[in-house]
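Read through the structure below, which is laid out as C-alpha cells, and then see the notes.
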Amino acid sequence: MKIKLIENIQSDIKVEFLNEKLFNNNKNKEILKLAGFDASQDSICFLHEKRILVCGIEDDDSDNVRSVVSVAIKSLKSSNYESATFSVNKKNIKAIIEGLVLGGYEFNNYKSDAKKSNLQIVYLSCKKINDFTQAFSEALIIAEATCFTRDIVNTIPHDLNPPSFAKLAKNLAKENNLDFNILGEKELKKEKMNAMLSVGRASIHDSKLIHLTYKSTNPKKIITLVGKGLTYDSGGLSLKPATSMVTMKMDKAGGCAVLGIMKAVSELKLDIEVHAFVGAVENMIGGDAYKPDDVLVSRSGKTIEIRNTDAEGRLVLADVLTYAQENVEADYIFDFATLTGACMVALGQYTTGVMGHSTKLKHQISKSAISSGELSASLPFNKHLKKLLKSEIADISNTASKPYGGAITAGLFLDNFIEDKNKDKWLHFDIAGSAYTESAWDCNVYGGTGAGVRFMTNFLQTL
Ligand code: BES
Ligand code: ZN
Ligand code: ZN
C-alpha cells in the first residue's frame, strides 16, 4: 500500500472525521444513526453509496486521530476499495500517517496464503503540497523504521539468532551508509566480556556484539544507544515455565529498537553522531550452561553472583554498557531492554519504564514520548532498593533479595556499571510490556510494537 500527498481528490472512497458536534450537523446524520454510528471514539461506518467512510473521534487530539485511523485502515484493507483519500492538515498529518502505517501493519512471513489487500493507494489530500512535504516524509521515515523494528521482533528464533541478527545489522549498515563492527566470541573473550559470554554459552549460536555508527558531517551531540538483544530467553537453568517462555523471541526488542532508531536517524539525516551497541545472545540450557551459584567476572572487573539465570539481560547489558562507555565519549547514553516482568506489574503492559538519575533528562524524554504518542513513566531509584542487590560472596548479586520493585532493582543493577562521570547522561528504558502485544491497542497490532523508536527519534530530533 502506497501513501501519496496530493492537492486534488480522486479516489474510490473518502474518509471523514466526525466528532459529536460535526456529527450532529452532518447531512448524513440520520442514515448514520440508523447504522448505529454515534461518532464515539474509534467507531467507524461505511456509507458505500456515497463512497464515504466516517470515523468517530472525541476531539482532534493526535492520539485520537491515530487511534481511529488505525481502525479505519484495517477495514479499508479488507474492503474492495483500491484507493482512499484522507484530508490532512498541519495538525493531523503525522497522526494519520502513523495510523495508516502502524495501524495497517501486517506480518505475514509465516503464512502460506496471506490474503492480499485490494487497497493499493491512500491519498493524503492537502491545500499546498509544498507546505506538507517535510512533515510527510519525516512521519513516513519514522513510521517505517518502527515497522522495520517490528519485523525483526516478530521473526522467529530459528531465523533470528545472534549471527543472523548481526548479518541483518550489517545489511542495514550497508544500505544506510553506517559504519559497522561486529565482535564474535573470540573478540568478546579478548575484550573480557565474560558476563555476556556466560549467558550465551549453552547456545549453539555464537554471541555477537553489534556496533553501528552514524556520523553527520558536523555532529552537535554524540549519543550512545545500547540494546538488549536476547534472540531467545528460555530462562537458562532457572528455566521459565512453559507458558512464560512463549513470546520470548521478543526479548531482542531492545536491540531491534536500537536498529530501528539508527535507520530513522540516518534517513532523517540528523545533525548528530549515534552509536548503537546490541548484545545479541541466546539464553539456553545445556551441559555448558552458566549456573545459579556461579560468580562471573564482568568486563568492568566487578564480580556478579548468579542467583537466577533468567535475570540474564542485565548481565549482557552490564558488559555492553561498560564496553560502550570505554569506546565512546557520549553526551547521552540510553539503553533499551525487555528487562523485567516486574515493569509490567508496576506500569501495565503499555507503558515504558524510564529509570536514571537525571530528572531533567527524564522530563525531556517524557515530553518526547507524549508528542510521539508513546506511553512512558518514571520509576524512581532509591538507596534502600539499591541495598537489596548486596551479595555475601561477590560484589553484587544478579537478583534482589526482595521481590518488590523488581524493575527498579534491575535498573539499579545496571547503575553499578555506569561510570560516575556518566550518571546524569544515562537513562534505562524497560520495554518489557510496551515492546510486544498479543492484542491490538492504539496503532499496535499483534506482535512487536516497535516501542522506543518513536520517542527516541523524536528526542534526537530536538537536539
Ligand atoms: N526477558 C525477561 C523479562 C520479561 C518478562 C520480558 C516478560 C517480557 C515479558 C527477563 O530476562 C527475565 O526473565 N527477568 C526476570 C528477572 C527475575 C528473575 C529477577 C523476571 O522478570 O522474572
Ligand atoms: Zn530472563
Ligand atoms: Zn530476558
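Rank L389, L412, I31 by how far each Cα sits towards the positive end of the charge dipole of the chain (+1 on Lys, Arg Cβ; -1 on Asp, Glu Cβ) and give me just the farthest.
Checked the options; the winner is I31.
Spin-label point model (7 Å from Cα, Cβ direction): what's the K190 to E49 distance in nm?
Placing both labels 7 Å beyond Cα along the Cβ direction yields 7.6 nm.
So if a site counts as exposed when it's one of the trypsin sites (Lys or Arg not before Pro), its DSSP state isn't H, G, I, E or B, and it has at most 12 other Cβ atoms within 10 Å, what's the longest stretch of the chain without one?
Counting at most 12 other Cβ atoms within 10 Å as exposed, the longest clean stretch of the chain is 270-463.
Let me check something: with ligands and nucleic acids excluded, how do T231, T217 order by accessible area (1.4 Å probe), largest to smallest?
Listed by decreasing accessible area, they come as T217, T231.
Quickly estimate the mean residue ellipticity at 222 nm for the chain, helices only: each DSSP H run with n ≥ 4 gives -39500 (n - 2.57), and the total goes over all residues, rounded to 500.
So the calculated ellipticity at 222 nm is -10500 deg cm²/dmol.
Would you rank H158, H428 by solvent-accessible area, highest first, keeping every protein chain in place and using a 1.4 Å probe?
Details: H158 145, H428 0 Å².
Ranking H158, H428 by accessible area, largest first, yields H158, H428.
Provide the per-residue ³J(HN,Hα) series for the stretch 456-463, in order, calculated from phi with Karplus coefficients 6.51, -1.76, 1.60 and θ = phi - 60°, each as a whole number of Hz, with x at glycine and proline positions.
Running phi through 6.51 cos²θ - 1.76 cosθ + 1.60 with θ = phi - 60° gives 6, 4, 4, 4, 5, 5, 7, 6 Hz.
Could you list, in their original order, any pairs among K252/K421; K77/K221; K91/K115; K240/K269 whose Cα atoms are separated by more than 31 Å?
Going by Cα-Cα distance, K77/K221; K91/K115; K240/K269 fall outside the 31 Å limit.
Need the list of aspartates and glutamates near K174 for cross-linking: C-alpha distance under 20 angstrom, and skip anything on the same chain fewer than eight residues off.
E144, D151, E267, D271, E273
Residue-wise, which Karplus ³J(HN,Hα) couplings in Hz belong to the stretch 363-380, taking 6.51 cos²θ - 1.76 cosθ + 1.60, θ = phi - 60°, and x for glycine or proline?
So the J values, rounded to whole Hz, are 5, 4, 5, 4, 5, 5, 4, 4, 6, 9, x, 9, 9, 9, 8, 7, 10, x.
Using only Cα atoms, locate the centre of the stretch 321-346 and the centre of the stretch 155-180, then give the distance between them in Å, rounded to an integer.
Their Cα centres are 20 Å away from one another.
For S203, what residues show an amide H to amide H distance below 5 Å, using hydrogens built from the backbone and excluding near sequence neighbours?
M284
What part of the accessible area of the stretch 178-220, given as a whole %, is carbon or sulfur when the probe is 1.4 angstrom?
In the stretch 178-220, the share of accessible area belonging to carbon and sulfur is 46 percent.
List the lysines whose Cα lies under 17 Å from the Cα of K21, skipping any in the same chain that are fewer than 8 positions away.
K29, K33
Please name which of T338, P219, N422 has its Cα lying farthest along the dipole of the chain towards the positive end, using unit charges on Cβ (Lys, Arg +1; Asp, Glu -1) and the Cα centre as origin.
P219
Taking 8 Å as the Cα distance limit and 6 or more residues as the minimum spacing, I'd like the relative contact order of the chain as a percentage.
After rounding, I find 15 percent.
State in Å² the accessible area per residue of the chain; use a 1.4 Å probe, count heavy atoms of protein chains only, and round to the nearest integer.
Values: 19940 Å² over 463 residues.
Dividing the accessible area of the chain by its residue count gives 43 Å².
With a ≥ b ≥ c taken as the square roots of the eigenvalues of the C-alpha gyration tensor of the stretch 176-269, please select rounded if a/c is under 1.5 and otherwise prolate if a/b is larger than b/c or oblate if it is not?
oblate
Per residue of the stretch 200-212, in order, report the coupling 6.51 cos²θ - 1.76 cosθ + 1.60 (Karplus, θ = phi - 60°) as ³J(HN,Hα) in whole Hz, putting x for Gly and Pro.
Karplus-based 3J(HN,Hα) across the stretch 200-212 equals x, 5, 7, 7, 6, 9, 5, 6, 9, 10, 9, 10, 10 Hz.
Between rounded, prolate and oblate, where does the stretch 371-419 land on the alpha carbon gyration tensor, with a ≥ b ≥ c its root eigenvalues, rounded for a/c under 1.5, else prolate if a/b exceeds b/c?
Since a/c reaches 1.5 and a/b is larger than b/c, the shape of the stretch 371-419 is classed as prolate.
Helix 313-327 against the longest principal axis of the chain: what's the angle in degrees, Cα atoms only, rounded to the nearest 10?
80
Suppose every Lys and Arg Cβ carries +1 and every Asp and Glu Cβ carries -1, with no other charges. What dipole size does the chain come out with about its Cα centre, to the nearest 20 debye?
440
The values are calculated or read from the model by the stated rules, or taken from the named source; none is laboratory data. Everything quoted here is computed from the prediction, not taken from an experiment. Neighbour counts are summed over all protein chains in view; Cβ atoms, including those assigned to glycine, are modelled from backbone coordinates with ideal geometry. Note: areas computed on protein heavy atoms with side chains; ligands, DNA, RNA excluded. Shrake-Rupley method; radii C 1.70, N 1.55, O 1.52, S 1.80 Å.
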